Amino acid sequence: MTAKAELKSLRISPRKVGVVLDLIRNKPVEEAVAILRHTPKAASEPIGKLLKSAMANAENNNNMILSECYVSECFVGAGTTLKRIRPVSKGRAYRILKRTSNITIEIAEKVEEK
């Protein structure tokens, strides 16, 4: 059984978000929350909120026990790109790409082998 949470159009580039997601992949949820709380990256705060949302979904919707849960899947994809113009010399314009991210976190319970 898994629980899932998604965040769309976060105004941080996917490359920067992926670095933080690599830290919590396949970790128990309590440890992942602690890692995100002490990571000095801009993406760690919204990812922490998203992880808490996935934990609430697991507990309330799927009746999962959080002490037995871990981050089974977490990935980031590119969202819509905001295109802006920067004026430069001789009347030219350079394009600025402001990238956004779509983040998905999935939580699963550990399966005990007998």
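The values are calculated or read from the model by the stated rules, or taken from the named source; none is laboratory data. As the structure is a computational prediction, the values presented were derived from the model and not from experiment. As a convention, Cβ positions derive from the backbone with ideal geometry for all residues, glycine included, and neighbour counts pool all protein chains shown.
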Restricting attention to the stretch 1-39, report how many residues are among the polar types (S, T, N, Q) and either under 18 Å from Val111 (Cα atoms) or in contact with a strand residue (DSSP E or B) (Cβ under 6 Å, 6 or more places away or on another chain) (or both).
2
Qualifying residue in the stretch 44-53 (condition: out of contact with any strand residue (DSSP E or B) (no Cβ under 8 Å at 6 or more places or on another chain) and more than 25 Å from Lys110 (Cα to Cα)):
yes
Only one residue in Leu50, Leu82, Leu21, Leu97 is buried (at least 17 other Cβ atoms within 10 Å of the Cβ) and touching a Leu at 6+ places or on another chain (Cβ under 8 Å), so which one is that?
Leu50
List every residue pair whose Cβ atoms sit under 9 Å apart, with the two residues 6 or more apart in sequence or on different chains, where the first one lies in the stretch 1-29 and is under 26 Å from Asn62 (Cβ atoms) and the second, anywhere, is acidic (Asp, Glu) and not in a strand (DSSP E or B).
Ala3/Glu59; Ile24/Glu31; Pro28/Glu68
Index of the failed condition, Ser44 passing every other in (1) at pLDDT 95 or above; (2) farther than 15 Å from Glu6 by Cβ; (3) more than 12 Å from the chain's Cα centre (by Cα):
(3)
